[in-house]
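**Student:** First the structure, which I've put down as structure tokens, then a few questions once you've had a look.
Please treat every number below as a calculation from the coordinates, not as lab data. Fair warning: this is a prediction, and the values are worked out from it, not measured in the lab.
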Amino acid sequence: MILLQSSGGSGMFNLVLFGGILLVFYFFIIRPQAKKQKEQNNFAKSLEKGMEVATGSGIVGKITKVEDDFIQLQVDQKSFLKVFKSAISKEMTEALKKQETK
């Protein structure tokens, strides 16, 4: 009988512990990822003709045409690539700009 009586309050403790884990998960994983995605989307919307950018796979080129979801990159004198706007990496483009200023 003593063992049966001692397990009465553990349900509330488990609920509070689970809620705490969810809060930590939200503030350290979900929220920063959503912020990063929002910055990437704003960056993709701000792409203009003439900008030098880098894709996520490392291709560097100058934007020659901007469409709704696509951009055209000039990677050499007569070489053009059509890529999704979302393929342009904000981090790699910023690193490219820093490298050019040195």
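**Student:** What three numbers, in Å, describe the spread of the alpha carbons of the chain along their principal axes, ordered from the longest?
**Tutor:** 86, 33, 20
**Student:** Can I ask one more? Contact order normalised by length for the chain, with contacts defined as Cα pairs under 8 Å and 6 or more residues apart; what percent is it?
**Tutor:** 19
**Student:** Taking Lys78 as the anchor, which aspartates and glutamates have their alpha carbon closer than 17 Å to its alpha carbon, excluding any fewer than eight residues away along the same chain?
**Tutor:** Glu52
**Student:** OK, next. If you split all Cα-Cα distances of region 48-102 into 5 Å bins from zero, what percentages do you get per bin, shortest first?
**Tutor:** All Cα pairs considered, the percentages come to 5, 22, 33, 25, 13, 3, 0.
**Student:** Tell me, in nm to one decimal, what length is gained between Glu67 and Ile21 on full extension, where the rule is 0.36 nm per residue of separation less the Cα-Cα distance?
**Tutor:** 12.2 nm
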